[in-house]
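Peer 1: I'd like to ask you about the structure that follows.
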Amino acid sequence: GQSLEQPSEVTAVEGAIVQINCTYQTSGFYGLSWYQQHDGGAPTFLSYNALDGLEETGRFSSFLSRSDSYGYLLLQELQMKDSASYFCAVGGGSQGNLIFGKGTKLSVKP
Amino acid sequence: DTGVSQNPRHKITKRGQNVTFRCDPISEHNRLYWYRQTLGQGPEFLTYFQNEAQLEKSRLLSDRFSAERPKGSFSTLEIQRTEQGDSAMYLCASSLVRDEQYFGPGTRLTVT
């Protein structure tokens, strides 16, 4: 089956850098996605890594190591609006579904 | 540019009643997904359509659940004989590729 592990909570201060890790077990791995969800809101796509290495999009970067079944989301220059839950997700071994982790709740303090 | 829309946003129903939710995807997206999310959990996959064809269903989707996507446009998710355990947020997403999905605001179902 498929499973993903990520920390349940992370706290950081405004302006800091935070890294949210994700380890996964899956058959038929295609890539690792990251989604952001504010309280009461819908998940929003952030990034997708199919190949090893770092992908940068503004203040957010995502990393993948296929050999280690591991990835992380790096958030730089944290802002209060970054307080949200962050989910890693992998393909469910088929063409259809995504399997989501339980999410990491990030709290950004002033 | 309109995103994914879902109706209703909230639904309160009594146990045993049937409910139906609607999802209107982004118009050019041929893939449509339904997920269920409970507090403190990530979205759980329910079913997936490519155009009008329902290609995949989760084992979570009991006989009481049915989904349709007539003409490959909007989709409906029906839950028959609702149970208290069905209380959750029901999310719809659409996409061109599996790994970059665009979610609607969800329908929050409360079964009393």
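Peer 1: Note down the magnitude of the dipole of region B:1-42 about its Cα centre, charges +1 on Lys and Arg C-beta and -1 on Asp and Glu C-beta and zero elsewhere, to the nearest 20 debye.
Peer 2: That gives a dipole near 420 debye.
Peer 1: Which whole-number percent is the relative contact order of chain B (Cα, under 8 Å, 6+ apart)?
Peer 2: 37 percent
Peer 1: Evaluate the distance, in nm, between pseudo-label points positioned 7 Å from the Cα of B:Arg108 and of A:Glu56 along their respective Cα→Cβ axes.
Peer 2: Distance between the two pseudo-spin positions: 3.9 nm.
Peer 1: For chain B, what are the per-bin percents of Cα-Cα distances with bins 5 Å wide, up to the bin holding the maximum?
Peer 2: Pairs per bin, as whole percents: 2, 13, 25, 27, 19, 10, 4, 1.
Peer 1: With a cap of 13 neighbouring Cβ atoms within 10 Å, and only residues DSSP puts in a loop, list the trypsin sites (Lys or Arg not before Pro) found in region A:23-82.
Peer 2: A:Arg59
Peer 1: If you don't mind, there's one more thing I want to ask. Arranged by the count of other C-beta atoms within 10 angstrom, fewest first, what order do B:His29, A:His38 take?
Peer 2: In increasing order of surrounding Cβ atoms, one gets A:His38, B:His29.
Peer 1: Work out the P(r) tail for the protein assembly as shown: percent of alpha carbon pairs separated by more than 31 Å, whole number.
Peer 2: When every Cα pair of the protein assembly as shown is considered, 21 percent fall beyond 31 Å.
Peer 1: For the protein assembly as shown, compute the number of Lys pairs whose alpha carbons are separated by less than 24 Å, excluding pairs fewer than 8 positions apart on the same chain.
Peer 2: Lysine pairs meeting both conditions in the protein assembly as shown amount to 6.
Peer 1: Using Cα-Cα distances under 8 Å and only pairs 6 or more residues apart, what relative contact order does chain A have, in percent?
Peer 2: Rounded, it is 37 percent for chain A.
Peer 1: Just checking the output field for B:96-107: average partner chain Cβ neighbours within 10 Å of each residue's Cβ?
Peer 2: 5
Peer 1: If you place +1 on the Cβ of every Lys and Arg, -1 on the Cβ of every Asp and Glu, and leave all else neutral, what size is the dipole of chain B about its Cα centre, to the nearest 20 Debye?
Peer 2: Computed about the Cα centre, the dipole is about 460 debye.
Peer 1: Arrange the following residues from fewest to most other Cβ atoms within 10 Å of their Cβ: B:Val97, B:Val19.
Peer 2: B:Val97, B:Val19
Peer 1: Right, here's the next one. Might you report the magnitude of the Cβ-based charge dipole of region B:53-112 about its Cα centre, with Lys and Arg at +1 and Asp and Glu at -1, to the nearest 20 debye?
Peer 2: For this selection, approximately 80 debye.
Peer 1: Any idea how far apart B:Arg59 and A:Phe29 come out in nm if each label point goes 7 Å out from Cα toward Cβ?
Peer 2: Result: 2.3 nm between the two label points.
Peer 1: Which Cα, out of B:Ser66, B:Thr47, B:Gly3, lies furthest along the positive dipole direction of chain B (beta carbon charges, K/R +1, D/E -1)?
Peer 2: So the residue we want is B:Ser66.
Each reported figure results from applying straightforward, stated rules to the coordinates on display, with no laboratory input. Everything numeric in this text was worked out from a predicted model, so none of it was measured. For neighbour counting, all protein chains shown are included, and Cβ atoms are generated from backbone atoms with ideal geometry for every residue, glycine included.
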